[in-house]
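Novice: Have a look at the structure that comes next, please.
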Amino acid sequence: MLGVRLSLVLGAIACLAASTLSGFAQERPRQRSPAPPDAKLSFVGLENNAKVPSKLTVRFAVSGMEVVPAGTVRRNSGHHHLLIDSDLPALNQPIPSDFNHLHFGSGQTETEISLPPGRHSLQLLFADQDHVPHDPPVMSEKIFVEVADAPEEKARSAAAPGARVFFRDLQDGATIPTRAIIRFGVEGIALVPAGTKSENGGHHHLLVDTELPALDREIPSDFNHIHFGRGQTETELSLPPGEHTLQLLFGDHEHVPHDPPIMSPRIKVRVVAGPVDGTRAVIAPPPVEKPAGRTPAPNDAAVYFVYPRNGETIYPNSTIRFGLRNMGVAPAGVVKPNTGHHHLLIDVPTPPLDAAIPADLNHIHLGGGQTERRITLPPGKHTLQLILGDDQHIPHDPPVVSERIEVIVATRIKKPGRRR
């Protein structure tokens, strides 16, 4: 298998975690960075004792401090760590890095984890540039989640007769390099992004070195089951030398295979290091030099609003929270691949995407790496949009831009218990 699933190793990792912790215990105590006493760290949208699926997106929020990548020395800042089924580590030494202590050193504010059935504990711990917790420590409450014994069975979308998926330029028994472009083809069914319901549509999934999953449930998402939920028709795949299997499986808006399933034959490929004759079609091209002033971003990166959502009614003074997927948060001026910082646009159209984002009351820069901003708006309708900018406040290539949402500001909100 290419990847080691978290769900298969959590139970067996105790020995590794113990040895890692004992190794850190032998280190001398480190000097701890100070933290404001009112700094708070919390989970977003995840409550204690929640019942969750085995595949879970966990989002983090911090207030009173800024999120910066590991190695960045900056006052009142740090990056997230997620502790899974683990007690707090020593607070005067670097946090261990293993399957029970996940580091987000690029400034990420969310992650997707897989948990086996049963009860699990989760806790967030903030740390400085050297992965050492602050003084006082900035950490969330430890919460517990319950994973059901089996994934939920889902209704399957009907597939048109004759629909098929296939590999382009790649045949069974082919020899490919360790880094190759794999291209997908589809006929008789529409290619639509995940989350977009269509009577005869779906998106690709690539199965690597694995058997077909259950066809009446959501396709897993891990190193062996790669999702292309934005409708992508190719990917750059890195495989170690040796024999591997590849198969395509189409999924609907909920990543569930169709009825009947639309899948390619399972093919075998041989991966070798170095040049490969006769496989020019699948060899990954050399990196393209980025245009002047533009920083490249992953094709599947996304920025979105955690709060509010489109059409929601909010208070005149509200905290707007941002989420970022498949990239990390870094302050303005920090050059690090696949990172950027947020810009909040209020009641303005999208600015030019090949120039620095303006800075004014309608274009709010979060250059410190913030993932939320409290704003004041007059009553009425307003539009909000997020754009990620690089170290020079220039949108990436391709740009990482949210949808423009509309909110209604009212002095009273008739939603009991809804407070922001």
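The values are calculated or read from the model by the stated rules, or taken from the named source; none is laboratory data. As the structure is a computational prediction, the values presented were derived from the model and not from experiment. Cβ sites come from the backbone with ideal geometry, for glycine too, and all protein chains shown count toward neighbours. For accessibility, only protein heavy atoms count, side chains too; no ligands or nucleic acids. Shrake-Rupley method; radii C 1.70, N 1.55, O 1.52, S 1.80 Å.
Novice: Give the stretch 322-333 a look and list any residue that's surrounded by 18 or more Cβ atoms within 10 Å (Cβ to Cβ) and more than 14 Å from His396 (Cβ to Cβ), or say none.
Specialist: Let us first name the residues in the stretch 322-333 that are surrounded by 18 or more Cβ atoms within 10 Å (Cβ to Cβ), namely 322-325, 327-331.
The answer is Phe322, Gly323, Pro331.
Novice: Report whether or not Ala194 is buried (at least 21 other Cβ atoms within 10 Å of the Cβ) and of a type in the set (A, V, I, L, M, F, W, C). Break it down into steps so the answer makes sense when it comes.
Specialist: Values: buried (at least 21 other Cβ atoms within 10 Å of the Cβ): no; of a type in the set (A, V, I, L, M, F, W, C): yes.
Criteria not met by Ala194.
The rows are residues; the columns are (1) closer than 25 Å to Gln232 by Cβ; (2) surrounded by fewer than 17 Cβ atoms within 10 Å (Cβ to Cβ); (3) at pLDDT below 85.
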site: Gly274; (1), (2), (3): no, yes, yes
site: Asp277; (1), (2), (3): no, yes, yes
site: Arg280; (1), (2), (3): yes, yes, yes
site: Ala301; (1), (2), (3): yes, no, no
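Novice: Looking at the stretch 68-113 only, could you name the residues that are farther than 17 Å from Gln129 by Cβ and open to solvent by 40 Å² or more (accessible area, probe 1.4 Å)?
Specialist: Asp85, Asp87, Leu88, Ala90, Phe99, Glu112
Results for (1) modelled with pLDDT of 85 or more; (2) assigned to a strand (DSSP E or B); (3) open to solvent by 70 Å² or more (accessible area, probe 1.4 Å), shown as yes or no for each residue.
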site	(1), (2), (3)
Ala180	yes, yes, no
Leu212	yes, no, no
Ile226	yes, yes, no
Gly231	no, no, no
Pro240	yes, no, no
Leu248	yes, yes, no
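Novice: State which residue is nearest to Asn49 (Cα to Cα) when the search covers only the stretch 136-150 and only residues that are of a type in the set (D, E, K, R) and modelled with pLDDT under 95.
Specialist: Quick first cut of the stretch 136-150, residues of a type in the set (D, E, K, R) only: 141-142, 146, 149.
With the extra rule that they be modelled with pLDDT under 95, the set shrinks to 146, 149.
On the way: Glu146: 7, Asp149: 16 Å.
Step by step, filter the stretch 136-150, then rank; the result is Glu146.
Novice: I would also like to ask the following. Scan the stretch 312-337 residue by residue and report those that are of a type outside the set (Gly, Ala, Ser) and in contact with a Gly (Cβ under 6 Å, 6 or more places away or on another chain).
Specialist: Taking the stretch 312-337 first, the residues of a type outside the set (Gly, Ala, Ser) are 312-317, 319-322, 324-327, 329, 331, 334-337.
The answer is Val329, Pro331.
Novice: Please return the ranges of strands (runs of 3 or more DSSP E) entirely within the stretch 64-152 where 2 or more residues are under 27 Å from Thr339 (Cα atoms). Before you say what the answer is, go through the steps one by one.
Specialist: Numbers: elements: 77-84, 101-103, 110-114, 118-127, 143-147.
Qualifying strands (runs of 3 or more DSSP E): 77-84, 101-103, 110-114, 118-127.
Novice: Six or more apart or on different chains, Cβ atoms under 8 Å: show the pairs whose first residue is in the stretch 198-214 and farther than 10 Å from Leu249 by Cβ and whose second is among the charged types (D, E, K, R).
Specialist: Ser198/Asp252; Gly201/Asp252; His203/Arg230
Novice: Scanning for something free of Cβ contacts under 8 Å to residues at least 40 places away in the same chain and part of a loop (DSSP other than H, G, I, E, B), does the stretch 323-332 turn up at least one residue? Before the answer, list the steps.
Specialist: Within the stretch 323-332, the first condition is being free of Cβ contacts under 8 Å to residues at least 40 places away in the same chain, and the residues that meet it are 326.
Pick out the ones that are also part of a loop (DSSP other than H, G, I, E, B) and you get 326.
Yes, there is a match, as at least one residue in the stretch 323-332 is free of Cβ contacts under 8 Å to residues at least 40 places away in the same chain and part of a loop (DSSP other than H, G, I, E, B).
Novice: Does Glu236 satisfy being assigned to a strand (DSSP E or B) and free of Cβ contacts under 8 Å to residues at least 40 places away in the same chain?
Specialist: On the way: assigned to a strand (DSSP E or B): yes; free of Cβ contacts under 8 Å to residues at least 40 places away in the same chain: no.
Judged against the criteria, Glu236 is not a match.
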